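These notes concern the structure reproduced below.
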Amino acid sequence: MELASKYNPSDVEAKWYQYWLDNKLFSSKPDSREPYTVVIPPPNVTGVLHMGHMLNNTIQDILVRRARMKGKNACWVPGTDHASIATEAKVVNRLATQGIKKSDLTRDEFLKHAWEWTDEHGGIILKQLRKLGASCDWDRTAFTMDEVRSKSVNKTFIDLYNKGLIYRGVRMVNWDPKALTALSDEEVVFKEEHSQLFYLRYKIENEDGYAIVATTRPETIMGDTAMCINPNDPKNAHLKGKKVIVPLVGRVIPVIEDDYVDIEFGTGCLKVTPAHDVNDYMLGEKYNLPSIDIFNDNGTLSEAAGMYVGMDRFEVRKQIVKDLEAAGLMEKIEAYTNKVGFSERTDVAIEPKLSMQWFLKMEHLAKIALDPVMDDTIQFHPAKYKNTYRHWLENIKDWCVSRQLWWGHRIPAYLLPQGGFVVAETAEEALQLAKEKTGDTTLTIADLRQDEDCMDTWFSSWLWPISLFDGINNPDNEEINYYYPTSDLVTGPDIIFFWVARMIMAGYEYKGEMPFKNVYFTGIVRDKQGRKMSKSLGNSPDPIELIEQYGADGVRMGMMLAAPAGNDILFDVALCEQGRNFNNKIWNAYRLVQGWEVDQILAQPTSSKIAIEWFTATLHKTSLEIDEQFSQYRISEALMIAYKLFWDEFSSWYLELIKPAYEKPIDAVTYQATIAFFEELMKILHPFMPFITEELWQHTQERKEGESLMTQLVSVVDSTQIDQTLLQNFETVKQIVSGVRAVRLQKNIAQKESLTLKLIGKNELPSFDCVISKICNLSSIASVENKDETAASFMVGTTEYAVPLGDLIDVDAEIKKLEEEVNYLKGFLLSVKKKLSNERFVNNAPAAVVAMEQQKQADAESKITSLQETIASLNKA
């Protein structure tokens with residue numbers, strides 16, 4: 001088949017992806033081979049591909065394709081996440097455009113809209129991944145709310161409840177007033193804010209004086225039920241045993257004493273609002289203080305506040321400051337910088353709130369998940385994230401697993417008419433448990449009410465490596481026994497707590513072993529200025545548009561060239577251009593070879609025989625280097641080695657060495673060896689660049705239907721196969737060739753002009769003379785005692801080489817050029833000597849600086865001497 005003159009990705013990519021699908025080349029079933037399993041970090045079901053996905057899935061695909069070519073049974077399982085908060089917010093927004101409020105709908109009516117949204121927008125991202133070349137087993141596509149996964153989640157919840165690890169209670173939680181749900185601690189992002197510290201006057205009861213309290217949140221004073229001082233604080237000792245009056249509110253509250261209060265902060269007096277601050281809540285529990293919840297779920301003030309009812313909390317802050325000032329109850333206001341918690345999903349300031357929630361005790365789970373990472377049973381790449389992991393597990397809090405949402409896995413708990421609850425998989429099972437618990441045999445399903453809350457999205461995705469193979473519902477099935485534990489997880493360090501740590505917990509709790517052997521942490525994709533990519537900055541390119549412009553292989557390569565593990569990626573579109581250029585290089589190299597006429601009876605030149613031996617050794621050596629990089633998960637470095645192998649060693653050296661003269665044929669032995677090398681190079685490059693490599697591999701010889709490069713095994717090499725002496729000698733040859741090329745360049749001598757090469761002394765590499773002669777267009781190479789007066793010389797190691805120039809140069813012009821260089825160096829030498837003759841400089845400058853100037857003097861003097869000798873030789877000539 002004739003190749004197109006120019007590589008066009010759009011002609012190739014869709015064709016070969018469909019071919020792979022048609023021949024079920026991504027499909028995996030348990031067999032006798034070693035499994036290699038990867039589970040995709042499930043993107044949001046209604047999401048679209050962004051640059052982070054591109055990076056993550058490119059890395060996964062490289063690992064999966066390479067494992068396939070290593071003879072492993074590679075299984076890459078795709079799927080999507082139901083993303084409770086994000087998806088529910090999108091559905092609520094769409095309903096709002098139709099004039100429908102969520103509160104106007106029943107749960108079932110709302111869920112109907114949510115499923116419609118999911119069916120309409122779901123799966124787009126998985127289709128987009130196909131354009132990237134992702135070799136997932138698409139028949140295994142899962143969804144965190146499909147039947148198998150939902151059943152797994154409910155079973156797990158019930159099991160943990162029955163083990164006493166899940167409990168229900170009123171606790172202080174992180175409340176998102178926009179999403180109207182509780183959040184776990186990991187879903188709160190702390191940001192530094194330039195705010196204010198307000199000093200409020202609390203009148204001491206039955207006295208004229210005031211106690212001054214510093215607070216950043218004056219809008220919460222309606223919930224104050226005590227003031228607290230440190231018993232060791234002399235400046236506030238006069239307040240001991242007294243009561244104070246909450247400003248504007250008029251409520252009399254006690255002054256309590258506790259070591260918790262920081263004497264140095266503000267005035268040392270702390271307002272205690274148990275319903276709206278985590279630390280105040282603990283003080284309230286300790287001293288049995290009343291708790292007044294002054295906020296509605298949406299962040300407006302409730303009836304319980306008694307003032308500013310219905311106003312937004314931040315509007316109240318502005319108004320109450322004015323009212324306190326008007327009443328003479330504001331002592332002063334200072335600028336203050338503090339950290340405020342925001343919802344990771346909605347970017348709204350969270351509100352600490354007392355709420356009835358479901359919690360999972362984490363102490364036992366944290367304990368079983370810590371050691372396997374710290375002792376490298378599970379390896380993190382890069383290892384620096386082990387410390388982050390350890391710190392979180394050693395300071396872990398119970399996980400709030402309930403969310404006040406409808407879209408998600410509904411908590412399988414049923415509330416009883418007389419109080420209390422039972423936890424069961426179905427309403428029928430719940431009824432049976434309820435009858436046993438209450439002793440009331442007259443109870444019916446209608447008497448039970450299922451808890452309205454659903455589970456945290458992460459409560460489904462923490463089971464992902466197990467539930468994808470139905471290991472919760474059918475713990476001893478063939479697939480879970482074969483594919484688990486999975487091999488490599490590729491993810492971002494931002495979800496090390498949300499997901500990675502919790503999967504490890506679930507793995508050891510439910511399978512008694514790790515969920516994966518290695519975790520490869522990608523960096524954050526940033527623009528070339530180092531800014532995080534975002535829609536608002538307009539610096540996040542559309543991945544699909546990039547693929548259309550540069551081809552999937554070009555974009556994959558562009559991403560990986562800038563992607564060392566764990567470090568942020570400074571992405572520049574120019575890298576995709578470099579990727580596209582490399583595609584063109586590969587394409588043109590094959591077209592060059594394919595275009596040669598082959599002569600079956602032509603004898604093989606010695607230079608070609610040596611070139612084949614050298615490139616065989618180079619190929620073996622480089623294959624081992626790439627293996628080593630992959631073993632350390634240095635995928636970017638592995639690509640760079642493969643890139644240089646093709647561009648430098650194969651194209652710039654090997655092809656130049658074996659290339660036949662213009663319009664002359666090539667011998668059959670060399671041609672067949674070159675095609676075989678090309679096939680090996682395509683194997684090495686395939687995981688990185690699957691499309692162009694498949695296209696060219698299919699061209700190198702007749703292939704059967706269903707045959708594919710992606711299932712070809714890469715050659716197994718050991719170091720004993722590598723001729724190190726040959727490689728070392730060839731490096732010397734390269735230096736000699738570079739020396740001759742430099743002479744041609746400096747003296748402006750065309751490649752077609754034949755030269756001779758003299759070496760002063762013994763020729764240590766005579767067997768390579770034919771190689772050097774071919775590349776450099778030399779008529780002869782000879783050893784001499786002395787070099788020609790007109791020769792241009794260069795050193796390789798300790799051997800001097802000379803190229804006699806004779807009539808090839810204009811002697812007068814050359815002398816003039818050299819004299820100009822001598823004059824320049826003399827001027828430079830004068831300035832250096834002047835500096836070194838300055839005693840102040842020599843005595844006061846650092847020794848290293850003086851030594852550097854002395855070296856400059858010696859170098860300049862040496863160069864002048866050498867140039868003057870050359871000028872003298874040319875004058876004699």
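Which of the residues belonging to region 23-46 are in a loop (DSSP other than H, G, I, E, B) and either open to solvent by 30 Å² or more (accessible area, probe 1.4 Å) or of a type in the set (Gly, Ala, Ser) (or both)?
23, 24, 27, 28, 29, 30, 31, 32, 33, 34
Can you find even one residue in region 240-248 that is surrounded by fewer than 16 Cβ atoms within 10 Å (Cβ to Cβ) and either at pLDDT below 95 or over 23 Å from residue 354 (Cβ atoms) (or both)?
For region 240-248, residues surrounded by fewer than 16 Cβ atoms within 10 Å (Cβ to Cβ) and either at pLDDT below 95 or over 23 Å from residue 354 (Cβ atoms) (or both): present.
Is it the case that residue 263 is β-branched (Val, Ile, Thr), outside any loop (DSSP other than H, G, I, E, B) and surrounded by fewer than 21 Cβ atoms within 10 Å (Cβ to Cβ)?
Spelling it out, it is not the case that residue 263 is β-branched (Val, Ile, Thr), outside any loop (DSSP other than H, G, I, E, B) and surrounded by fewer than 21 Cβ atoms within 10 Å (Cβ to Cβ).
Does at least one position in region 846-861 carry a residue that is more than 54 Å from the chain's Cα centre (by Cα), modelled with pLDDT of 90 or more and either at negative phi or not polar (S, T, N, Q) (or both)?
In the first step, residues of region 846-861 are kept if they are more than 54 Å from the chain's Cα centre (by Cα); the result is none.
No - not one qualifying residue is present in region 846-861.
Considering 141, 181, which residue is of a type outside the set (A, V, I, L, M, F, W, C), open to solvent by less than 10 Å² (accessible area, probe 1.4 Å) and under 31 Å from the mean Cα position of the chain (by Cα)?
181
Looking at region 748-772, which of its residues are open to solvent by 40 Å² or more (accessible area, probe 1.4 Å) and touching a residue at least 60 places away in the same chain (Cβ under 8 Å)?
Within region 748-772, 767, 770 meet the criteria.
Anything in region 773-786 that is farther than 23 Å from residue 872 by Cβ and either assigned to a loop (DSSP other than H, G, I, E, B) or open to solvent by less than 50 Å² (accessible area, probe 1.4 Å) (or both)? List them, or say none. Full working, then the answer.
From region 773-786, those farther than 23 Å from residue 872 by Cβ are 773-783; that's our starting set.
Within region 773-786, 773, 775, 776, 777, 778, 780, 781, 782 qualify.
Specify which of the listed residues (808, 765) is more than 54 Å from the chain's Cα centre (by Cα) and within 30 Å of residue 607 (Cβ to Cβ).
Criteria check complete, one pass: 808.
If residue 469 satisfies every condition in (1) crowded, with 19+ Cβ neighbours inside 10 Å; (2) touching a Gly at 6+ places or on another chain (Cβ under 9 Å) but one, which is the exception?
All conditions pass for residue 469, except number (2).
Quick one: which helices (runs of 4 or more DSSP H) lie wholly within region 795-877 and hold at least 1 residues that are closer than 23 Å to residue 748 by Cβ and either open to solvent by 100 Å² or more (accessible area, probe 1.4 Å) or in contact with a Lys or Arg (Cβ under 6 Å, 6 or more places away or on another chain) (or both)?
Where helices (runs of 4 or more DSSP H) fall fully within region 795-877 and carry at least 1 residues being closer than 23 Å to residue 748 by Cβ and either open to solvent by 100 Å² or more (accessible area, probe 1.4 Å) or in contact with a Lys or Arg (Cβ under 6 Å, 6 or more places away or on another chain) (or both), they are 811-836, 847-876.
Select, from 415, 433, 443, 448, the only residue that is of a type in the set (A, V, I, L, M) and over 50 Å from the mean Cα position of the chain (by Cα). I'd like the intermediate steps shown before the answer.
Numbers: 415 fails: over 50 Å from the mean Cα position of the chain (by Cα); 433 fails: over 50 Å from the mean Cα position of the chain (by Cα); 448 fails: over 50 Å from the mean Cα position of the chain (by Cα).
Within the list 415, 433, 443, 448, the selection yields 443.
(1) open to solvent by 30 Å² or more (accessible area, probe 1.4 Å); (2) touching a residue at least 60 places away in the same chain (Cβ under 8 Å): which one isn't true of residue 72, the others all being true?
(2)
What number goes with the only condition from (1) open to solvent by 60 Å² or more (accessible area, probe 1.4 Å); (2) polar (S, T, N, Q); (3) under 30 Å from residue 805 (Cβ atoms) that residue 729 does not pass?
Evaluating residue 729 over (1) open to solvent by 60 Å² or more (accessible area, probe 1.4 Å); (2) polar (S, T, N, Q); (3) under 30 Å from residue 805 (Cβ atoms) leaves (1) as the failure.
Within the group 764, 789, which residue is of a type outside the set (Lys, Arg), closer than 30 Å to residue 725 by Cβ and part of a loop (DSSP other than H, G, I, E, B)?
Numbers: 789 fails: closer than 30 Å to residue 725 by Cβ.
Of the residues listed, the single one that is of a type outside the set (Lys, Arg), closer than 30 Å to residue 725 by Cβ and part of a loop (DSSP other than H, G, I, E, B) is 764.
Any residue at all in region 593-612 that is closer than 19 Å to residue 688 by Cα and either charged (D, E, K, R) or in contact (Cβ under 8 Å) with a residue 12 or more places away in the chain (or both)?
no
Pairs, please: C-beta under 6 Å, at least 6 apart or cross-chain, first residue free of Cβ contacts under 8 Å to residues at least 40 places away in the same chain and in region 816-830, second crowded, with 16+ Cβ neighbours inside 10 Å and in a helix (DSSP H, G or I)?
From region 816-830, the pairs are 828/860; 829/860.
For residue 54, are the conditions met, namely being open to solvent by less than 10 Å² (accessible area, probe 1.4 Å), at pLDDT below 95 and not aromatic (Phe, Trp, Tyr)?
Against the criterion (open to solvent by less than 10 Å² (accessible area, probe 1.4 Å), at pLDDT below 95 and not aromatic (Phe, Trp, Tyr)), residue 54 qualifies.
How many residues are open to solvent by 40 Å² or more (accessible area, probe 1.4 Å) and outside any helix (DSSP H, G or I) when one looks only at region 274-287?
Result for region 274-287: 1.
Given the criteria open to solvent by less than 10 Å² (accessible area, probe 1.4 Å), closer than 20 Å to residue 344 by Cα and modelled with pLDDT under 95, does residue 524 qualify?
For residue 524, the condition - open to solvent by less than 10 Å² (accessible area, probe 1.4 Å), closer than 20 Å to residue 344 by Cα and modelled with pLDDT under 95 - is not met.
Filter region 370-400 down to the residues that are buried (at least 16 other Cβ atoms within 10 Å of the Cβ) and of a type in the set (Asp, Glu) and list them by number.
398
For a quick check of your reading of the model, give me the residue pairs whose first member lies in region 185-207 and is in contact (Cβ under 8 Å) with a residue 40 or more places away in the chain and open to solvent by less than 30 Å² (accessible area, probe 1.4 Å), whose second is outside any strand (DSSP E or B) and of a type in the set (S, T, N, Q), with beta-carbon atoms closer than 9 Å and at least 6 apart or on different chains.
Every condition considered, the pairs that remain are 195/216; 197/216; 198/216; 199/267.
Just to check your reading of the model, which residue among 346, 337 is in a strand (DSSP E or B) and hydroxyl-bearing (Ser, Thr, Tyr)?
337
Of the residues 737, 717, 743, which single one is of a type in the set (A, V, I, L, M, F, W, C) and either in contact with a His (Cβ under 8 Å, 6 or more places away or on another chain) or in a strand (DSSP E or B) (or both)? Reasoning before the result, please.
On the way: 737 fails: either in contact with a His (Cβ under 8 Å, 6 or more places away or on another chain) or in a strand (DSSP E or B) (or both); 743 fails: either in contact with a His (Cβ under 8 Å, 6 or more places away or on another chain) or in a strand (DSSP E or B) (or both).
The match here is 717.
Given (1) at pLDDT 95 or above; (2) under 23 Å from the mean Cα position of the chain (by Cα), identify the lone condition not met by residue 111.
Answer for residue 111: the failing condition is (2).
Has region 163-171 got at least one residue that is farther than 30 Å from residue 455 by Cβ, touching a helix residue (DSSP H, G or I) at 6+ places or on another chain (Cβ under 9 Å) and among the β-branched types (Val, Ile, Thr)?
Pass one, region 163-171, residues farther than 30 Å from residue 455 by Cβ: none.
Within region 163-171 (the criterion being farther than 30 Å from residue 455 by Cβ, touching a helix residue (DSSP H, G or I) at 6+ places or on another chain (Cβ under 9 Å) and among the β-branched types (Val, Ile, Thr)), the answer is no, since none of the residues qualifies.
Given the condition part of a loop (DSSP other than H, G, I, E, B) and more than 27 Å from the chain's Cα centre (by Cα), answer yes or no: does some residue in region 49-66 qualify?
No, region 49-66 has no match at all.
Mind checking which residues of region 1-11 are surrounded by fewer than 22 Cβ atoms within 10 Å (Cβ to Cβ) and either under 21 Å from residue 541 (Cα atoms) or in contact (Cβ under 8 Å) with a residue 12 or more places away in the chain (or both)?
1, 3, 5, 6, 9, 10
Residue 510 versus (1) under 23 Å from residue 30 (Cα atoms); (2) of a type in the set (Ser, Thr, Tyr); (3) open to solvent by less than 10 Å² (accessible area, probe 1.4 Å): which is the lone unmet condition?
(3)
Checking the condition of a type in the set (Lys, Arg), in contact with a Ser or Thr (Cβ under 8 Å, 6 or more places away or on another chain) and not in a helix (DSSP H, G or I), which residue from 271, 353 passes?
Working: 353 fails: in contact with a Ser or Thr (Cβ under 8 Å, 6 or more places away or on another chain).
Going through 271, 353 in turn, just one is of a type in the set (Lys, Arg), in contact with a Ser or Thr (Cβ under 8 Å, 6 or more places away or on another chain) and not in a helix (DSSP H, G or I): 271.
The values are calculated or read from the model by the stated rules, or taken from the named source; none is laboratory data. Computed from a prediction, not measured in an experiment: that's the story for all the values here. Using ideal geometry, Cβ is built from the backbone for each residue, glycine included, and neighbour counts are taken over all protein chains shown. Surface accessibility is based on the protein's heavy atoms, side chains included, excluding ligands, DNA and RNA. Shrake-Rupley method; radii C 1.70, N 1.55, O 1.52, S 1.80 Å.
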